[in-house]
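Data first, discussion second: the structure below is written as structure tokens.
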Amino acid sequence: MGISATELAEAPVGAAEAPEGKKLAGRSPTQIALLRLRQDKLALACFMIVVLLILCGIFAPVICNLLNIYPTAATIPYDPSQVLDFNTGLPLQGPPNHGFWAQHPLGLAPQTAVDNLARLLYGLRTSLFVATAATVFSTLFGVVLGLVAGFSRGWMDRIIMFVTDLFLSFPFILGALAMSPIIVSHFAKPGQLGILSKVQLFSLIGILVIFTWMPLCRLIRGQVLSLREREFVQAAQVMGVPTRRILFKELLPNLVAPIVVATSLSLPAFVTAEAGLSYLGIGITGIPTLGQTIFDAQNWWEVYPLYLWAPVLTICALVLALNLLGDSIRDAFDPRTRR
């Protein structure tokens, strides 16, 4: 027997039931986006690759201790001349001139006898730390300044946007080349390699943050310009709600989607930027990084290709997985761009 229009109109709101007899439950946009991500096989595969590489970086010391391999020349417990050819500097066992070496699966670095697998794991650890820290701080700066610029009217908005446009017009590589030596020479103490490495590490993160917060700031400002005219924001202003509460309790929850998308797409960019700066010699020198390994391996390409291919393929796999995962997150939060 069918249900008449009168009975349907008189039924209480929320009393509708699913065919199985269960009540229909509403989902938030975030829950819907997460459901789309779980159904995306490509996103799940990329997520597993990213998690695997992150775990390899986090547990690099544990893995190296279990395999009894060493990431730097200072930690090698044996004489490099025992495992390297005096004339060529290449390993006496394993690649490139010999077969697989179980003790050192990726071989030893020429001239230093550092294990390539250990250096790769520690380089992955450093690169992920730099990219994650730069992503977090640039996101914080971009979101806060974008909220303030979009909600304020008058001189505050003009000043913030002037500074944003000024930084956008400044070349990133030129700024990194100019600022990195100045920061390192000012804070580092001569003769102390440990302090120098830490200064280089944090100066690199600072440079990446200084020159990358602007696009997210402009994006958040544009979203806030639209949201500040909505009824819930105007009602909060009429009720006398403090501006800080309006920004972080009313506006910020409505900006989760663009922030998540921008963060997921900026992380692989920072990984590539760190590798590129280290390759140019303005990154970190005292701590193993993927870019530094590529820089050291470029001169051995013809005689020892594995020495170069290992960090290059690792960066390619990490950046490709992060980019595809970021695209999937963007499609999940914005169905209009779904493939």
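Largest mean-square fluctuation among ILE205, ILE329, ILE183, in a Gaussian network model of the chain whose springs join Cα atoms under 10 Å apart, belongs to ILE183. Shown for the chain are the DSSP H helices of 18 Å or more along their axis, judged by Cα atoms, with a mean Kyte-Doolittle hydropathy of at least 1.0: 41-58, 116-151, 155-168, 172-187, 193-210, 256-279, 305-333.
Would you mind counting up the charge near LEU290? Only other residues with Cβ under 12 Å from its Cβ, with Lys and Arg at +1 and Asp and Glu at -1.
Result for the local shell: 0.
Spatially, segment 199-213 and segment 44-110 are offset by 29 Å when compared through their Cα centroids.
Please compute, over every Cα-Cα pair in segment 227-339, the percentage with a separation greater than 19 angstrom.
Counting pairs separated by more than 19 Å, the tail of P(r) holds 63 percent.
Normalised by the number of residues in the chain, the average gap of Cα pairs under 8 Å and 6 or more apart makes the relative contact order 23 percent. Subtracting the Cα-Cα distance of ASN299 and ASP165 from 0.36 nm times their residue separation leaves 44.2 nm of extension gain. By the scheme Lys and Arg +1, Asp and Glu -1, what is the net charge of all other residues having a beta-carbon under 13 Å from that of CYS64? Combined, the nearby Lys, Arg, Asp and Glu give +1. Counting other Cβ atoms within 10 Å, which GluC sites (Glu not before Pro) in segment 232-339 have at most 14 and lie in a DSSP loop? Sparse-neighbourhood loop GluC sites (Glu not before Pro): GLU302. Inter-part distance, segment 145-171 to segment 219-280, computed on C-alpha centroids, equals 14 Å. What FRET efficiency would be calculated for the residue pair ASP85, LEU280, taking the C-beta separation as r and a Förster radius of 25 Å, to the nearest 0.05? In this case the efficiency is close to 0.25. Note on TRP101, TRP301: ascending count of other Cβ atoms within 10 Å places them as TRP301, TRP101, the fewest first.
Which label belongs to the value computed from this structure, given these candidates for Cα Rg over 2.2 N^0.38 Å: (1) 1.09; (2) 1.31; (3) 1.01? Identified label for the calculated read-out: (2).
One chain, two ends: VAL256 and ALA73. Fully extended at 0.36 nm per residue, the span grows by 61.4 nm beyond their Cα-Cα distance.
No value in this document is a laboratory result; all are computed from the given coordinates. Please read all numbers here as calculations on a predicted model, not as lab measurements. All Cβ positions, even for glycine, are placed from backbone atoms using ideal geometry, and neighbour counts span all protein chains on display.
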